[in-house]
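Computed from the coordinates by the stated procedures, all read-outs in this text should not be read as laboratory data. All values reported here derive from a predicted model rather than from experimental measurement. Note: ideal-geometry Cβ built from the backbone for every residue, glycine included; neighbour counts use all protein chains shown.
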């Protein structure tokens, strides 16, 4: 099993939206490295920290689980979608996404600031300067620390 952090702006899709829908395709990702993580490395059962970006404060807010392997992102094929890619075709879809399902919302959000100040999270990719990936790996230890903080445990 692997561990991940996936970012979403809460105004677009929040942890509460995922809780209501129960599961969703994580579509619309248009970064090759993030796509490659989904396409080549994410497997059903992998655990995900759900992170609200462009929020006040930006924070990890819950846990999701990868529930299905990568599949072509059909939003790339839809000319009406803001994620349309004219180079994508049914035979060469270019973009892929995974399905995730809701597991839990944290009792308290774990802010970016709180993560920056935690000694055990210093190597976390999210905290590296210039790292803006919407899908990124985290270690099991980092996942466990953030999950514990989200439940109010030191």
* **Length released on extending from residue 87 to residue 36, taking residue separation times 0.36 nm less the Cα-Cα span** => 16.6 nm
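I need the peptides 109-122, 92-105 ranked by packing, meaning the mean over residues of other C-beta atoms within 10 angstrom, with the highest value on top.
On the way: 109-122: 15.9, 92-105: 18.8.
Top to bottom by mean Cβ count within 10 Å: 92-105, 109-122.
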* residue 116 to residue 53: FRET efficiency via 1/(1 + (r/R0)^6), r the Cβ-Cβ distance, R0 22 Å, to the nearest 0.05? -> 0.90
* Helix 140-150 vs. the chain, principal-axis angle (Cα, 0 to 90°, nearest 10) -> 70
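If I take R0 = 25 Å and measure r between the Cβ atoms of residue 104 and residue 141 in this structure, what FRET efficiency does the formula 1/(1 + (r/R0)^6) give, to the nearest 0.05?
On the way: r = 19 Å, r/R0 = 0.77.
With R0 = 25 Å, the Cβ-Cβ based efficiency is 0.85.
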* Tell me the label-point distance for the pair residue 123, residue 78, using the 7 Å Cα-to-Cβ offset, in nm and rounded to one decimal. => 4.1
* **Within the chain, helix-based [θ] at 222 nm, where runs of 4 or more DSSP H residues each add -39,500 (n - 2.57), nearest 500** => -4500 deg cm²/dmol
* Asked: Where is the GNM fluctuation largest for the chain (alpha-carbon springs, 10 angstrom cutoff): 74, 61, 135?
  -> 74
